[in-house]
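> One structure, pasted below without further comment.
The values are calculated or read from the model by the stated rules, or taken from the named source; none is laboratory data. Keep in mind that this is a model prediction, so the values were computed, not measured. Here Cβ is always computed from backbone atoms with ideal geometry, including for glycine, and neighbour counts include all displayed protein chains. Please note that ligands, DNA and RNA were not included when accessible areas were found on the heavy atoms of the full protein model with its side chains. Shrake-Rupley method; radii C 1.70, N 1.55, O 1.52, S 1.80 Å.
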Amino acid sequence: AQDRRGDYPGQGRGNKLAGQGMRLLIDAGNTRLKWQLGDRQQIIASGIGDVASADPLPGLPSEPRVRRISISTVAAESRREALVTHLESRFGVPAVCHWSESDRGGLKNAYRDYQRMGADRWHAMYGAWLRHRDGFAVVDASSAVTVDYVDRTGQHLGGFILPGLRMMIRSLQTDAARILFDPEQVLQTAPGVSTGECVNHGLAWLSAAMIDRIRADVENFSLSDVLVTGGDAERLQGLGLNAVHMPDLVLRGLAAIDAEELAI
């Protein structure tokens, strides 16, 4: 089910621009980008764009008075630099990238070399930690699937990184030339009786097996909640992942960190 308990601590939703001090938050992958515009009280507008596009912020209200830009990104360095240059030129303010940290607000990173963790994973965990302090799993079902576990003390227990649906489909299409199939979004896990079924059911079968492992880990670590985000979140729920769908989880964490940094 969708988490509908508000947006960020101290924030609600608004329908029009709210004066001075607008904040632009960006969650940028290597191709896809999510953005939100608002102030400390309201989310004004949001959208999805392409990192490499001439206009990576389609649908942005015309000429908003942006005063802060905060970014969570795992984009390649060349694309990150191009995005930052575009944003700073367009709005005339610094675009600040926030990265993974060793700890924040009671959340402790399991990585010894914490700077090597993808920023999106850290920000998603922090967004979850602010509301789900009885222990949780975060599943980000994007191009790659990441799974992270955090116990009730805030200790990150570690996680997994796996190829996502689109990555597996692309691999089969490019690296196995004689496997001809049309990719379909199916939830069937029964043995296939055609090449197309064998592939599409097989991908669902792998996802279902991953869900079983997540379920077992959550029980083994005595975690209370599973939160899922990313473009294939609803597909995993359809395959049996019992989780709260939070599509803006990375931006929740980023927004909280931005507010904390502003208060320092």
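> Give me the 1.4 Å probe accessible area per residue for the chain, excluding ligands and nucleic acids, in Å². All intermediate terms of the calculation are to be shown ahead of the outcome.
On the way: 13310 Å² over 264 residues.
Computed with neighbouring chains in place, this is 50 Å² per residue.
> Taking all protein chains in place and a 1.4 Å probe, what share, in percent, of the accessible surface of region 83-167 do carbon and sulfur account for?
Numbers: 1910 of 3810 Å².
The nonpolar share, carbon plus sulfur, comes to 50 percent.
> Now a separate question. Could you tally the net charge around Ile257, taking each other residue with its Cβ under 13 Å from the Cβ of Ile257, Lys/Arg +1 and Asp/Glu -1? List each step's numbers first, then the result.
Details: positive: Arg23, Arg68, Arg104, Arg252; negative: Asp27, Glu101, Asp103, Asp120, Asp258, Glu260, Glu261.
Charge balance in the 13 Å sphere: -3.
> Just add up the charged neighbours of Leu130: K/R +1, D/E -1, any other residue whose Cβ is under 11 Å from the Cβ of Leu130. Don't jump to the answer; show the numbers that get you there.
Details: positive: Arg104, Arg131, Arg133, Arg252; negative: Glu260.
Neighbour charge sum, excluding Leu130 itself: +3.
> Using modelled amide H (1.01 Å from N, peptide plane; none on Pro or chain starts), what sits under 5 Å from the amide H of Ala144, excluding residues fewer than 5 places away?
Long-range HN contacts for Ala144: Gly164.
> Counting Lys and Arg as +1 and Asp and Glu as -1, each charge on the Cβ, what is the dipole of region 184-264 about the Cα centre in debye, to the nearest 20? All intermediate terms of the calculation are to be shown ahead of the outcome.
Numbers: 4 positive and 12 negative charges, 55 e Å.
The dipole magnitude comes to about 260 debye.
> Between region 139-169 and region 195-212, how far is it from one alpha carbon centroid to the other, in angstrom?
18 Å
> Still on this structure: By average Cβ neighbour count within 10 Å, what is the ranking of 225-237, 166-178, 209-221, 144-156 from highest down? Display every interim value, and only then the final one.
Values: 225-237: 21.9, 166-178: 12.2, 209-221: 14.6, 144-156: 19.2.
Ranked by mean Cβ neighbours within 10 Å, highest first: 225-237, 144-156, 209-221, 166-178.
> Using label points projected 7 Å from each Cα along Cα→Cβ, tell me how many nm separate Ser102 and Ala263, to one decimal.
2.3 nm
> Can you show me the helix-derived [θ] at 222 nm for the chain, built from DSSP H runs with n ≥ 4 at -39,500 (n - 2.57) apiece and divided by the number of residues, rounded to the nearest 500.
On the way: 6 runs with 84 residues, N = 264.
Calculated from helices alone, the mean residue ellipticity at 222 nm is -10500 deg cm²/dmol.
> Right, here's the next one. Over region 84-152, what is the relative contact order in percent, taking alpha-carbon pairs closer than 8 angstrom and at least six residues apart?
Values: 66 pairs, mean separation 14.0, N = 69.
Here the relative contact order equals 20 percent.
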